[in-house]
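The values are calculated or read from the model by the stated rules, or taken from the named source; none is laboratory data. From a predicted model like this one, the values you see are computed outputs, not experimental measurements. Please note: Cβ atoms are built from the backbone with ideal geometry, for glycine as well, and neighbour counts cover all protein chains shown. For accessibility, only protein heavy atoms count, side chains too; no ligands or nucleic acids. Shrake-Rupley method; radii C 1.70, N 1.55, O 1.52, S 1.80 Å.
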Amino acid sequence: MAAVRRGVQGTRRLKLQVFRIIVFVAAGLFFLVPIGAMVEFSTRGVGDQPRTLAAWQSIGTYPDLVAAITASLELAAITTIAMLVLLVPTMVWVRLKLPRLNPIIEFICLLPLTIPAIVLVVGLFPIYNWMGTNFSDSILTLSIAYVVLVLPYDYRSLEAGLAAIDVKTLTEAARSLGAGWFTVMWRIIVPNISSAILNSAFLSVALVLGEYTIANNLLYNNLQVEIAMLGRANAGVSIAVAVASLLFAFGVLVLLSFFNRGRGRLQLVELQQVMRTERG
Amino acid sequence: MPERTGVEVRLENLQRRYGAVVALDDLSLTIAPGELVALLGPSGCGKTTALRLLAGLEDADGGRVVIGGEDVTGLPANRRNIGMVFQAYSLFPHMVAWENVAFGLQMRGVGLAERKKRAIDVLELVGLSRFANRYASQMSGGQQQRVALARALAISPQVLLLDEPLSALDAKVRSRLRDEIRRIQLEVGITTLFVTHDQEEALAIADRVGVMQSGRLEQLGPPMTVYSRPATPFVADFVGLTNRIQGTVSRGSVDVRGATIPLVDSSVPDGPATALVRPEAVSLVGNGEAQEGPLIGTVIAVAFLGATSRVTVDLGDITVLAQLPTSAAAEHPAGTRVKLALRPDPVLVDSHN
Ligand SMILES: Nc1ncnc2c1ncn2[C@@H]1O[C@H](COP(=O)(O)OP(=O)(O)OP(=O)(O)O)[C@@H](O)[C@H]1O
Ligand SMILES: [Mg+2]
């Protein structure tokens, strides 16, 4: 009997394994074929000439492109940090003190998901017009719009992280041991939702690096806008940059899954250790 | 090791309401230095609220909290020197046991070497020093609660608060840990408020038991007194099992189905009333075959509790519980007819049925 059961289980495990491989290969092809085609295209020689990395090498020679890359990276960093600073304490506070407001906060945070970017632009245009004349017309002001854009995704991720721990009891335990609010947040909450924080940071970075509609319509040249413009003049370089930005996002993802691998709670500690050893 | 820190704790006329719900209704309670008071009461009676007001985790609508002569009513939780053990597992998941225990010391600016040493000392006190490097996820529920106790004690608090710390544990761990908490509390000599809805736990561990109902203290006294001389019918009902038997009060005693029992409170007016009779005051005095009478009935169930057994007897109009030695109960299996006797211990009556 037991042997038969083990046999059945073995077959099932084998089927699962095969299914996994099929899914993995299919998904891999789905992602890799277009990227491979892009790489192929961006390394094509002119006419009959052999393959060349000229397009890739010339990325650095377009000052507008370099500026756009820099701006997009800065935007990603500012948006991520602003969003975390805004969202984490708010969500914790609402959980602790105003649990009845939770549905409202959730509704507000998820609202941007239902509004197409192009509609958002209509609303943002007069605001940016006003800001441009009265405050600053730097491309970095885009991060305000981007915080709204990433809000639903980051809210979901952080919500899952906070739901996995008993925020109220942990907070009260820390408070009764003498911790102030800042200490509670930084020493107790953040280390225990570090995986959710990393996830939402990645989502923000990926969203900001891939954002086109808002920047284009508000007349800012971020990475994607610049790639599109360049595509008209020099398709090879444009595609090379697109591949590079994809690879960058992929790199961030791999880094994240690396930090995620250990026991859920130790990640921040590990991260600190990794950074310490890298520095030392 | 925490030094003896017993101070007096006074809750004065504490009020707290949540919307229409009155969680605490003018609660006053004084705990003597080094005393362990257990708050007992049904779910929702305000035990946790009382504890949280004392800890500063919740603000009072009225009244004062005085610890060691100092009014701390307006002080936030992190500035009161109070150790607390929660019902839910509350160890910080990203810290190992000794780091958890040392957290409060770190908040007080104690250096690393010193706080590690003291954390290990307190873990020793709860018998868990060999688990110092374990995470909460690597410990059993009982171990986690012991570490939580160590963490609360490590800061040498003036008061120790425990909110049903054992309710998530199984019966055996529970009674062992309960005795251990008492041992440590006596050893450290710390003023302690212990909340529970388990009457056995309260009676076993406390110097005094406070029975609460609807945000008020119904009775506060030593376990023996609360059990054998309940101040109100509610206390009698809640602490221990009670038979409610109809009777008639006349001149300081109550006549219950032919038996005359003295009253705790002889000022009760004459007339019909419900007598509250403990199961252990009911005994089986022999065979009731072929007899009729107000105290003769049929055994319908026998619950074996160890040294004693609880026998349920159907008297026709009511059922009565009797608690007696198992050897005596064995003579009266279910289905036999028995005659009951009521011991003339003073009883409480509920005259407004
Ligand atoms: N944050 C809150 N919001 C609204 N009502 C509350 C809140 N906390 C407590 N209450 C109400 O106050 C009353 C007392 O609650 P409390 O938690 O003190 O009861 P308890 O005696 O500890 O009960 P239990 O044995 O179930 O833990 C209850 O009716 C409860 O519903
Ligand atoms: Mg409670």
**OP:** State whether the residues of the range B:298-309 include one that is of a type in the set (A, V, I, L, M), over 19 Å from B:Gly240 (Cα atoms), part of a loop (DSSP other than H, G, I, E, B) and assigned by TED's automatic domain parsing to the domain that holds B:Ile245.
**Re:** no
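Checking the conditions here, which among B:Thr260, B:Thr274 is hydroxyl-bearing (Ser, Thr, Tyr), open to solvent by 10 Å² or more (accessible area, probe 1.4 Å) and in a strand (DSSP E or B)? Don't jump to the end; show me each part of the working.
Values: B:Thr274 fails: open to solvent by 10 Å² or more (accessible area, probe 1.4 Å).
Exactly one of B:Thr260, B:Thr274 is hydroxyl-bearing (Ser, Thr, Tyr), open to solvent by 10 Å² or more (accessible area, probe 1.4 Å) and in a strand (DSSP E or B), namely B:Thr260.
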Subject >> Selected residue (criterion: surrounded by the fewest Cβ atoms within 10 Å (Cβ to Cβ)) from residues of the range B:1-51 that are within 16 Å of ligand 2 (Cβ to nearest atom) and more than 14 Å from B:Met212 (Cβ to Cβ) >> reply: B:Tyr18
Original post:
Given (1) within 16 Å of ligand 1 (Cβ to nearest atom); (2) more than 14 Å from chain A (Cβ to nearest Cβ); (3) under 22 Å from the mean Cα position of the chain (by Cα), where does B:Leu53 come up short, assuming only one miss?
Top reply: (2)
Subject >> Which listed residue, of B:Gly41, B:Gly46, is touching a Ser or Thr at 6+ places or on another chain (Cβ under 8 Å), more than 14 Å from chain A (Cβ to nearest Cβ) and within 13 Å of ligand 1 (Cβ to nearest atom) >> reply: B:Gly46
Original post:
What are the residues in the range A:122-158 that are closer than 22 Å to A:Leu86 by Cα, part of a helix (DSSP H, G or I) and of a type in the set (Phe, Trp, Tyr), if any?
Top reply: A:Tyr128, A:Tyr146, A:Tyr153, A:Tyr155
Subject >> Residue, nearest to B:Thr30 (Cα to Cα), within the range B:128-162, restricted to residues that are in a helix (DSSP H, G or I) and of a type in the set (Ser, Thr, Tyr) >> reply: B:Ser129
**OP:** Looking only at the range B:224-237, decide whether some residue is open to solvent by 10 Å² or more (accessible area, probe 1.4 Å) and either within 16 Å of ligand 2 (Cβ to nearest atom) or touching a helix residue (DSSP H, G or I) at 6+ places or on another chain (Cβ under 8 Å) (or both).
**Re:** yes
Subject >> Residue within the range B:75-86 that is at pLDDT below 95, closer than 27 Å to B:Glu124 by Cα, more than 14 Å from ligand 1 (Cβ to nearest atom) and polar (S, T, N, Q) present >> reply: yes
Original post:
Any chance the range B:112-127 includes a residue that's part of a loop (DSSP other than H, G, I, E, B), open to solvent by less than 50 Å² (accessible area, probe 1.4 Å), over 27 Å from A:Ser194 (Cβ atoms) and more than 10 Å from every other protein chain (Cβ to nearest Cβ)?
Top reply: yes
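Identify all residues within the range B:285-311 that are closer than 22 Å to B:Asp345 by Cβ and open to solvent by 30 Å² or more (accessible area, probe 1.4 Å); write none if there are none. Before the answer, list the steps.
So the first thing to find is which residues in the range B:285-311 are closer than 22 Å to B:Asp345 by Cβ, and the list is B:285-286, B:293-297, B:305, B:307-311.
Within the range B:285-311, B:Val285, B:Gly293, B:Pro294, B:Leu305, B:Ala307, B:Thr308, B:Arg310 qualify.
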**OP:** Give the residue that is nearest to ligand 1 (Cβ to nearest atom), with candidates limited to residues of the range B:56-70 that are among the acidic types (Asp, Glu) and within 14 Å of chain A (Cβ to nearest Cβ).
**Re:** B:Glu58
Original post:
Where residues in the range B:211-223 are more than 16 Å from ligand 1 (Cβ to nearest atom) and outside any strand (DSSP E or B), which of them is surrounded by the most Cβ atoms within 10 Å (Cβ to Cβ)?
Top reply: B:Pro223
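For the range B:175-202, give me each residue that is open to solvent by 20 Å² or more (accessible area, probe 1.4 Å), under 24 Å from A:Glu172 (Cβ atoms) and within 16 Å of ligand 1 (Cβ to nearest atom). Give the derivation first.
Of all residues in the range B:175-202, those open to solvent by 20 Å² or more (accessible area, probe 1.4 Å) come to B:175-176, B:178-180, B:182-183, B:186-187, B:197-200.
Next, from what is left, pick out any that are under 24 Å from A:Glu172 (Cβ atoms): B:178, B:180, B:197-198.
Within the range B:175-202, B:His197, B:Asp198 qualify.
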**OP:** Determine if the range B:81-104 includes at least one residue that is open to solvent by 40 Å² or more (accessible area, probe 1.4 Å) and away from ligand 2 (no atom under 16 Å from the Cβ).
**Re:** yes
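Tell me the residue from B:Ala136, B:Ala171, B:Ala132, B:Ala148 that is more than 16 Å from ligand 1 (Cβ to nearest atom) and closer than 28 Å to B:Glu8 by Cα, please. So that I can check it myself, show each step before the final result.
Details: B:Ala136 fails: closer than 28 Å to B:Glu8 by Cα; B:Ala171 fails: closer than 28 Å to B:Glu8 by Cα; B:Ala132 fails: closer than 28 Å to B:Glu8 by Cα.
Within the list B:Ala136, B:Ala171, B:Ala132, B:Ala148, the selection yields B:Ala148.
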**OP:** State yes or no: is B:Ala77 crowded, with 19+ Cβ neighbours inside 10 Å and touching a residue at least 12 places away in the same chain (Cβ under 8 Å)?
**Re:** yes
Original post:
When the range A:175-197 is examined, which residues are found to be assigned to a helix (DSSP H, G or I), more than 7 Å from every other protein chain (Cβ to nearest Cβ) and touching a residue at least 12 places away in the same chain (Cβ under 8 Å)?
Top reply: A:Val184, A:Met185, A:Arg187, A:Ile189, A:Val190, A:Ser194, A:Ser195, A:Ala196, A:Ile197
**OP:** Kindly indicate the residue of the range B:139-173 that is away from every other protein chain (no Cβ under 12 Å), among the charged types (D, E, K, R) and crowded, with 19+ Cβ neighbours inside 10 Å and also farthest from B:Arg108 (Cα to Cα) among those meeting that condition.
**Re:** B:Glu164
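Being of a type in the set (Val, Ile, Thr) and in contact with a helix residue (DSSP H, G or I) (Cβ under 7 Å, 6 or more places away or on another chain) is the filter here; which residues of the range B:301-343 pass it?
Taking the range B:301-343 first, the residues of a type in the set (Val, Ile, Thr) are B:302, B:308, B:311-313, B:318-320, B:326, B:336, B:338.
Across the range B:301-343, the qualifying residues are B:Val302, B:Thr308, B:Val311.
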Original post:
What residue, among those in the range B:312-329 that are free of Cβ contacts under 8 Å to residues at least 60 places away in the same chain, over 17 Å from B:Gly293 (Cα atoms) and of a type in the set (A, V, I, L, M, F, W, C), is surrounded by the fewest Cβ atoms within 10 Å (Cβ to Cβ)?
Top reply: B:Ala328
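Conditions tested, residue by residue: (1) outside any loop (DSSP other than H, G, I, E, B); (2) under 22 Å from B:Thr30 (Cβ atoms).
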{"position": "B:Ser167", "(1), (2)": "no, no"}
{"position": "B:Leu177", "(1), (2)": "yes, no"}
{"position": "B:Val195", "(1), (2)": "yes, yes"}
{"position": "B:Glu200", "(1), (2)": "yes, no"}
**OP:** Run A:Val150 past the list (1) in contact (Cβ under 8 Å) with a residue 60 or more places away in the chain; (2) under 30 Å from B:Asn100 (Cα atoms); (3) among the β-branched types (Val, Ile, Thr) and report the number of the one that doesn't hold.
**Re:** (2)
